[in-house]
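Notes to accompany the following structure.
Coordinate-derived values only; no laboratory data. This one's a predicted model, so the numbers in the text were calculated from it and none came from an experiment.
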Amino acid sequence: MYKLYLELNHKTDSNNVLLRKNKYALALANKDIYALISTRTKNKKPEIPLTNFKLILERHYWKALDYDNLVASFKPYVDGLTRSGIIKDDSFLFSGKWEVDQRFRPKKDGPLITIEVLESREFRTWKD
């Protein structure tokens, strides 16, 4: 059973902030996140990318986001897991529902992102 736990001291922008960036600034910000994920998972990759997994994502920050912005703020990190070869795809067919949460963290401590990827035995299918 494969399990990955990452703690990243990295600030995530809210969806509102991301939408205000031009495509070049957004691509540069995402590129930094992809490099961070790739570096932190270098020796922690499964033999083959996971096709049935569960994502548990938590944001520790001094400012609370509403739910849709919270979920959207994790998108670059999940894309980084895909690009680094941890997961095959971030499609709902492979991951199911993401577990997302946010916790208060004092401003002086800085932001923290925790990511858990668990291989799942549950079989998912797409039903009409």
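Structure notes:
- Dividing the Cα radius of gyration of the stretch 70-125 by 2.2 N^0.38 Å, with N the residue count, gives 1.32.
- Anchor K31: aspartates and glutamates whose Cα lies under 12 Å away (excluding residues fewer than 8 positions away in-chain): D79
- Size descriptor for the stretch 1-45, Kirkwood hydrodynamic radius: 12.2 Å (Cα pairs only, one decimal).
- Relative contact order of the stretch 34-99, defined on C-alpha pairs under 8 angstrom at six or more residues apart (%): 57 percent
- For the chain, the relative contact order is 45 percent, taking Cα pairs closer than 8 Å that sit 6 or more residues apart in sequence and dividing their mean separation by the residue count.
- Ratio Rg/Rh [Cα only; Rh per Kirkwood] for the chain: 0.97
- Under 5 Å, built H, 5+ apart or other chain: amide partners of L50: I87, K88
- For the stretch 21-26, putting each phi into the Karplus relation 6.51 cos²θ - 1.76 cosθ + 1.60 with θ = phi - 60° gives couplings of 7, 6, 5, 6, 5, 5 Hz, in residue order, rounded to whole numbers and with x for Gly and Pro.
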